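Here, each number is a calculation from the coordinates, and none is a lab measurement. Please read these numbers as outputs of a predicted model, since none were measured by experiment. Reconstructed Cβ throughout: ideal geometry from the backbone, glycine too, with neighbour counts over all protein chains shown.
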């Protein structure tokens, strides 16, 4: 595991400073950048003992390899990684408190921008955890954190070694597994989506893998009235999550 990682973007840095300031090691700020958000980040970084350097734009560009850093880049200690055991604890805690677990499972979403957008929407919708397979999935990279606008440091991203086994464990815990598939018989607005729930979204273009599909309790689809056959996975995720939110409320 890496001893340090790079983080960039105002929202991502603000989120870390607010929740885990002890992760900050060193802050790099664009020379001449003078606004309230940057001042706050610099002051907080110094308060928690991180060194601050003011740099030319090329120096920041080189550190993020073309990412949109918004004039601020940080060297930080790696964030906690969540595993199957953490997921079981999250579900158990929700059930013991009399609340219904609400999970998002992404089967093979490899585009970091899509993963970041899904994390951001999941956090906004009140999802308890996002689950991804360790293989054939985007990792929690600086790009993902930037797109997630701070959500990546709030919502647990659980990496599992065997997604099919994880689905079975969730079912045994009483979680209803709903997968999305274009060939499903029922559209999302005709289905009951309340109670302990996990929504499974497939990979960009390919959809869910066969074994994942076989472990779903129910398959649903979004109605498509136009000429396109499918939506971007992060857009479809947002539509599905908020229909679940509507029904849960």
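The figures follow:
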{"item": "Separation of alpha-carbon centers, the range 17-46 and the range 106-169, rounded to whole Å", "result": "26"}
{"item": "Contour minus Cα-Cα distance for residue 77 and residue 31 (0.36 nm per residue)", "result": "14.1 nm"}
{"item": "Inter-label distance, nm, simple model (7 Å from Cα along the C-beta direction), residue 247/residue 218", "result": "0.4"}
{"item": "Isotropic mean projected area of the C-alpha convex hull, the range 118-249 (nm²)", "result": "8.2"}
{"item": "Per-selection Rg to Rh, the range 5-76 - Cα, Kirkwood hydrodynamic radius", "result": "0.91"}
{"item": "Using alpha-carbon coordinates, inclination of helix 163-172 to the longest axis of the chain, degrees", "result": "60"}
{"item": "Ellipticity estimate at 222 nm from DSSP helix runs (n ≥ 4, -39,500 (n - 2.57)) divided over the chain, nearest 500", "result": "-11500 deg cm²/dmol"}
{"item": "Rounded FRET efficiency, nearest 0.05, which uses the C-beta distance separating residue 231 from residue 19 and R0 of 35 Å", "result": "0.65"}
{"item": "Most fluctuating residue given options 60, 199, 211, as computed from a GNM of the chain linking Cα atoms under 10 Å", "result": "211"}
{"item": "The chain: angle of helix 84-96 to the longest principal axis, Cα-based, in degrees nearest 10", "result": "70"}
{"item": "Nearest 10 degrees, 0 to 90: helix 36-47 Cα axis against the chain principal axis", "result": "80"}
{"item": "More than 14 Å apart - percent of Cα-Cα pairs taken over the range 164-222", "result": "51"}
{"item": "log10 of Debye I(q)/I(0), alpha-carbon scatterers only, for the range 35-183 at 0.09, 0.10, 0.13, 0.16 Å⁻¹", "result": "-0.37, -0.45, -0.70, -0.94"}
{"item": "Shape metrics for the chain, restricted to C-alpha atoms - Rg then Dmax, Å", "result": "19.5, 58"}
